[in-house]
Amino acid sequence: MEGLFLFAVSIITLGAIYAIICLALNLESGVGGLWDLGIVSFFGVGAYTYTLLTAPAAQAHQHYVAGYGLPMWGGFIAAGVAGGLSAWLIGMPSLKLKREYFLITTLAFSEVIRQIYVNEEWLTNGVAGIYGLAQPFKGLVSPAAYNYVLIAVLLVSLAATYLAVRRIVLSPFGRTLKAIRENEALATTAGISARRYNMKVFIVAGTLTAFAGVFYVWYNTLIIPGQFTSDLTFFIWTAVIIGGLGSLRGALIGGFVFIVLHDVLRFIQVSGEMAVALTSLRTALIGVVLVAILRFRPDGILPERPVILDNRSNRGGRDA
């Protein structure tokens, strides 16, 4: 029973990280209409920036550049800045493109960045990665109780992210993004610079995803290039579609639903041969659920709803 409880804590912790990325992707894609296949780029940039600024100095058998001695909060802020800056650099050329061309370009950028992690051993220690990374507040409690501290930190961070994204969506900026999403030509005729708004939401999403990368380092205490493949982007897209594209509550729920579907079979104790089969079944299970969602609830579990504003106070409104 205790093992099941610890497994549930681990699932919720990882689900909170995924939910933050889902909120970021939903903001730029569901609300802003930017169909991004490179969200993993910012996830990796945030994780590696934090690691290289806060990790201990490399040992003789390691080759990464680190040991700058920054405190965790300094590395956290730097990761967000790096995520936003990388989004700006990627957005400069790619936001000139439309639809499928934007998809292909962002996917290509994510693979280029991953190859940097793999091949630039002097910077990242290559495929060997960096291990034994410190976790926040770990010295304040016993090792057995630390999982509860980490889950509390991540749930608070998720709540803060949700409230921040909700505020953006309900603001004039968010309503402008939806106007561009629905009819960019009409929005341009009204004097709205679609590229400028797209760049802003792209940077915000990159920053939020970079913060999620830091949380992922805290969760795993290691970082390797294999954690930042394009599979992660498709996983997040699956979670957002399951929850409901354009819906904040859907993005929140989708991250947790996906993690449950992805990891629930790991708890089953089987032989080594059967474990290989269960790994394949895990992917199949996600596919079956996704097909069922698209068949019976094509708008997701919690589809987007119209925002209703209070004209008397010009505040509030329903979750989109």
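The values are calculated or read from the model by the stated rules, or taken from the named source; none is laboratory data. Predicted model only: the values in this text are computed from it and were never measured. Because the Cβ atoms are built from the backbone with ideal geometry, glycine has one as well, and the counts that use them run over all protein chains shown. Side chains included, ligands, DNA and RNA excluded: accessible areas come from the protein's heavy atoms. Shrake-Rupley method; radii C 1.70, N 1.55, O 1.52, S 1.80 Å.
Assorted remarks:
- Taking the protein heavy atoms of the range 131-264 in the context of the full set of protein chains, the accessible area attributed to carbon and sulfur is 67 percent at 1.4 Å.
- A straight Cα-to-Cα reach below 26 Å connects LYS96 with the lysines LYS178, LYS200, residues fewer than 8 places away in its own chain not being considered.
- Peptides 37-46, 123-132, 227-236 ordered by average Cβ neighbours within 10 Å, highest first: 37-46, 227-236, 123-132
- As a length-normalised measure over Cα pairs under 8 Å and 6 or more apart, the relative contact order of the range 1-154 settles at 27 percent.
- Kyte-Doolittle at least -1.0, axis length at least 24 Å by Cα - qualifying DSSP helices, the chain: 2-25, 72-94, 99-119, 146-170, 194-220, 272-296
- Once C-alpha pairs closer than 8 Å and six or more residues apart are averaged by separation and normalised to the residue number of the range 74-227, the relative contact order reads 49 percent.
- With helices as the sole contributors, the chain gives -22500 deg cm²/dmol at 222 nm; each DSSP H run of n ≥ 4 counts as -39500 (n - 2.57), and the sum is divided by every residue.
- Solvent exposure of the chain, expressed per residue, is 48 Å² of accessible area, with all protein chains present and a 1.4 angstrom probe.
- Intensity falloff of the range 1-141 expressed as log10 I(q)/I(0), Debye formula with alpha-carbon point scatterers, at q = 0.14, 0.20, 0.22 Å⁻¹: -0.82, -1.26, -1.34
- Euclidean distance between Cα centres, the range 69-104 to the range 138-213, Å: 13 Å
- Length released on extending from LEU155 to LEU294, taking residue separation times 0.36 nm less the Cα-Cα span: 47.1 nm
- Label zone at ARG196 (point 7 Å along Cα-to-Cβ), backbone N below 15 Å, the range 143-175: 173-174
- Normalised contact order of the chain, rounded percent, pairs of Cα under 8 Å and 6 or more residues apart: 31 percent
- Entry for the chain at q = 0.15 Å⁻¹: log10 I(q)/I(0) = -1.30, Debye formula applied to identical alpha-carbon scatterers, no solvent contribution.
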